[in-house]
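Asker: Here it is: the structure, laid out below.
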Amino acid sequence: MTRSDTLLGVDYLTPEQLDQCRARGWPGVLGVALFSSGELPIPTTDVPLARVAMRPLGDQPAVCEVWRSAGPFNSGTVGLVHYRTNGQFVFGRVTIAEADSPADDGNGFRLASERVYAEVFRCLARLGFTHLIRIWNYLPEINREVGGLERYRQFNEARQRAFKAFRGQVNGNVPAACALGSPPGGSLVVYFLAGADEGIAIESPRQIAAYNYPPQYGAFSPTFARATLTLAPAQPMLFVSGTASVVGHRTVHAGNVLAQTRETLVNIRALLAEANRIAGRQLFAAEQLKYKTYLRRPDDMRIVVDELRRALQPAEPIVYLNADVCRADLLVEIEAVGFGTQPRAH
């Protein structure tokens, strides 16, 4: 199996299913993200485990996001990053408390965020990976203001400074990403996927690129692409960033979760159409994606579940999590991943 033939996949498991996977020796597991409002006793192993203090909505006390690929694997740590790689992909996670980055001016969260990204880039440089494909950011109290500045805006400043320092650019071919708010008192948790092959940044024809947002959203724009497309011959993939009810650069349908959900789906379908256009063929369809949905208000779940079932008729169950969205007037955010197939040449 050559590097470009190595496949990637993701499964959303219950804690019981994760225990069964762990008991079998984590076969084919690249990394895990665990979403739970409580502590689950999962022992530390060679597999990186990102623990996100975020409550699943529904019947399960926890959701386990398991990224799979083919071994053999090498695991280790570089600074604060715990990683696992098979040479084609690397999954890494880093967790840091604000107290671990003391500030002399009240900007502890900004300094912690900048340190997290510095740790990620140093790890990738050590491993020889230059293509960051997808990154997930979970920030305690994302909308709270500290010293007159929202914590999400502090995070955007830190992220942009890190990209400039380590990559030299904050626009163009940057990774897909999301940034969601977790409860007070938790740690900043980041996990990521990088690849040996370069991805293609996808921007939406309905939205201004986030890194070009006007100054009204902060002095430092968010550094991410709306999606990342990879076109390895064996398995094209599409990573859709956290997507919400934003048209151009403005929030639309403030206060109306149903209308916001519908607008978000229009945005996702526009991204799929753009990705298929760039790929030159129909690789991805909305009903075939794997979705993760974040809701600011748990009581909105039934409305969103019914709408997504009606509009998508998804092939697999959708994960729902209680989280604050990066703008205070956004009630729902949806991310997705799609795996296409290409016929082999004869």
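Asker: Using a cut-off of under 19 Å, list every residue of region 286-301 whose amide N is near the label point 7 Å from the Cα of Arg309 along the Cα-to-beta-carbon line.
Answerer: Hits in region 286-301 for Arg309 at 19 Å: 287-295, 298-301.
Asker: If r is the Cβ-Cβ distance from Val252 to Ile200 and R0 is 25 Å, what FRET efficiency results, to the nearest 0.05?
Answerer: The pair Val252/Ile200 has a calculated efficiency of 0.35.
Asker: Return a whole-number percent for the relative contact order of the chain, with Cα pairs under 8 Å and 6 or more residues apart as the contact set.
Answerer: About 16 percent, as a whole number.
Asker: Here's something else I'd like to know. Could you tell me the convex hull volume per residue, in Å³, taken over the Cα atoms of region 1-83?
Answerer: Cα-based convex hull of region 1-83, divided per residue, equals 108 Å³.
Asker: Can you give the % of DSSP beta bridges in the chain that are antiparallel, to the nearest 5?
Answerer: Here the antiparallel bridges make up roughly 80 percent for the chain.
Asker: Which whole number of Å³ per residue matches the convex hull of the alpha-carbon atoms in region 19-159?
Answerer: Convex hull volume per residue, Cα atoms: 127 Å³.
Asker: Hey, another quick one. Relative to the Cα centre, what is the charge dipole magnitude of the chain, using +1 at the beta carbon of each Lys and Arg, -1 at the beta carbon of each Asp and Glu, and rounding to the nearest 20 debye?
Answerer: 720
Asker: Percent of Cα-Cα pairs more than 24 Å apart in region 3-339, please.
Answerer: For region 3-339, the fraction of Cα-Cα distances above 24 Å is 52 percent.
Asker: Need one number: nm distance between label points at Glu145 and Val10, each 7 Å from Cα along Cα→Cβ, rounded to one decimal.
Answerer: That separation, rounded to one decimal, is 3.4 nm.
Asker: Still on this structure: For region 115-141 and region 227-280, what is the separation of their Cα centres, given in Å?
Answerer: 23
Asker: Sum -39500 (n - 2.57) across every DSSP H segment of at least 4 residues in the chain, then divide by the residue count to get the 222 nm mean residue ellipticity, nearest 500.
Answerer: Taken over the chain, the calculation gives -7500 deg cm²/dmol.
Asker: Between Arg281 and Ile208, what is the spin-label point distance in nm, taking each point 7 Å from the Cα along the Cα→C-beta axis?
Answerer: 3.8
Asker: What number, in nm² with one decimal, is the all-direction average of the projected area of the convex hull of the alpha-carbon atoms of region 240-346?
Answerer: With the hull built on Cα positions only, its mean projection is 7.1 nm².
Asker: Sticking with this structure for a sec: What does region 269-324 give for Rg and for Dmax, in Å, if only its C-alpha atoms count?
Answerer: Both quantities, over Cα of region 269-324: 13.4, 41 Å.
Here, each number is a calculation from the coordinates, and none is a lab measurement. Because the structure is a prediction, the values reported are computed rather than measured. Methodologically, a virtual Cβ is constructed for each residue, glycine included, from the backbone with ideal geometry; neighbour enumeration extends over all protein chains shown.
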